C-alpha cells in the first residue's frame, strides 16, 4: 500500500508554527530558531512513526515477499535487535526509537498474538522464537499456528524442519545455531544454502569463528549471546555479522 502525504498541508503547518514562535516568544531570534527546529525535528519523527504504523496496519493486503524484504532491510539498516524475555523488556523495546526489530523470547499460545500486535502497533517487526513459546508442539504445526494465529513477520528456531515450514508459509526464517564445538561448526557446511533466510550464531563473542562462518555463509549472519558492551558489538559487526541481537538493554542504544 502506498501512503500519499499532502505536502502543502505540512508546509502550512510548519509556516504557522514558525510565525507563532516569532510572535509569541520574548526570547532572542536565535533561540527562537533553535527551538523551532527542535520542534520541527520532533514533528518529522512523529510523521515517520505514523507512516510505519500505517504500513503495519495494512500488512494483510501486502505481498509477503515484500514484507520479508522490508524486514531484511530493517535488520541491515539497524544492526542492533532487541531480544525480549519479559513484559518489562518488551515495553522498553517498544519505547526505544533505535529499535526496529524485536525478537520475542517468551510467551505462550494464549498471549503470543497480543505480543506481536503490540510490537506492530509501535511500528516494529516481530520475530517469534517458536522453541520458547509455551504450549506449542515440537512439530511443524507449531509454525502453522504462528502463521495463522498471529501476524508475526518471521520465526527463530533451532529446528531445520521448522525453518523449512516457515519458508513454505512465507515467513522469514532464522535458524539459530549454538556453536559448542567443531562438530557443530562443520554441520553448517552441510546445510542447504537456501534453507534459512538468516543464520543466528550463538554465542556472539567469538569474532574469529564468526568471521569464518560469515565468509562461508550464503545468507546474512546474525549473532547474539553474551554481548555485554559496544566493544562486543563492534567486534561482531567487524567480523561480518549483519546484526546482533541482545537482551542487554544498555546495548540497544549503541
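Readers should treat all values here as calculations from the given coordinates under stated rules, not as data from a laboratory. These numbers were taken from a predicted model, which means no experiment stands behind them. Reconstructed Cβ throughout: ideal geometry from the backbone, glycine too, with neighbour counts over all protein chains shown.
Structural remarks
- Ranking of 229, 197 by count of other Cβ atoms within 10 Å, fewest first: 229, 197
- Here the extension length gained between residue 108 and residue 190 equals 26.2 nm, from 0.36 nm per residue of separation less the Cα-Cα distance.
- Ordering 242, 114, 205, 223 by the number of other Cβ atoms within 10 Å of each residue's own Cβ, fewest first, gives 114, 205, 242, 223.
- Computed extension gain for residue 87 through residue 69, at 0.36 nm per residue and net of the alpha carbon distance, reaches 3.7 nm.
- Legend: calculated FRET efficiency, residue 97 to residue 158, from the Cβ-Cβ distance at R0 = 25 Å, rounded to 0.05, equals 0.20.
- Cβ-to-Cβ counts within 10 Å put 184, 245 in ascending order as 184, 245, the fewest first.
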